[in-house]
Amino acid sequence: GAEKQCAVARSTLAFCLLRATEHDAPLPQALTDADMDGVLLVGPYPLSVVARVRGALSAPVVLVDNDHIESTCDSVMADDFGGGYLIARHLLALGHRNILPLLRSTNKRDALSFRERLRGYRTACAEYDATALPPLHFPDEDYGPKLLLWLADQFNATPRFSALLSANDTYAAYAIPALE
C-alpha cells in the first residue's frame, strides 16, 4: 500500500531493516543519507529504537503496528483483536479445541498487537466453550536456530494440541520445521 501511494505521488520508497536487538548499532545508510519526506517504522520496535530513529531524522516518523504512549510519533494499528478472533473462530469451527497460541515477547512484555491477538483468541474460545491454552512465549529477542530448537522442545513438552495460532509470520515459519 505504501509503495503504491508513493508511485502515485511520484515519490521514492526505500526499504531497510532495523534490528530491535541492536540498540547501539548505526542506523542504515538509507535512513541517514537520504533526503526523506517521512519514515514508516513497521513492527513492534522498542521505544529505544523509535527514539533513536526519531532523533536522527528531521522527517516525520509514523509507527505501524506499534503504539508507544511515550512516543510523539503518529501510529497506525491493525485490528489485531479481530484477526486473533477470526483465526481462532475458524479453527474452532473446524473442530479444533486445543489451539496453542505462540507469542513473541518484547523485553518480557508482549507488544500491543500480540496482546490483542491473544485477547481475540481467548474471546473466540469462550464463545465456543473451549479452553484457552496458555501461550508459549519465546524468552529471547533473537530469532534463528535458538527459536527452532526452543519451539521443538516446547511442542514436545506441551500436552496434545491440534492447531497453532501464531502471533507473527516468523513464529509460523519456524513452527513448521519444529513440528516436523
Discussion item. Looking at region 18-30, can you tell me whether even one residue there is open to solvent by 40 Å² or more (accessible area, probe 1.4 Å), in contact with an Asp or Glu (Cβ under 6 Å, 6 or more places away or on another chain) and at pLDDT 85 or above?
Written reply: no
Item to complete: Provide a single number: the residues in region 43-74 that are among the aliphatic types (A, V, I, L, M) and in contact with a Leu (Cβ under 8 Å, 6 or more places away or on another chain).
Response: 9
Worksheet item: What's the number of the condition Ser48 fails, among (1) closer than 27 Å to Thr12 by Cβ; (2) surrounded by fewer than 14 Cβ atoms within 10 Å (Cβ to Cβ); (3) polar (S, T, N, Q); (4) touching a residue at least 12 places away in the same chain (Cβ under 8 Å)?
Response: (1)
Practice prompt. Check Asp67 against each of (1) part of a helix (DSSP H, G or I); (2) of a type in the set (D, E, K, R); (3) closer than 30 Å to Asp35 by Cβ and name the one condition it does not meet.
Written response: (1)
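The values are calculated or read from the model by the stated rules, or taken from the named source; none is laboratory data. Since we're looking at a predicted model, the values are computed, not measured. Neighbour counts are summed over all protein chains in view; Cβ atoms, including those assigned to glycine, are modelled from backbone coordinates with ideal geometry. To get the accessible areas, we keep the full protein, side chains included, count just its heavy atoms, and leave off ligands, DNA and RNA. Shrake-Rupley method; radii C 1.70, N 1.55, O 1.52, S 1.80 Å.
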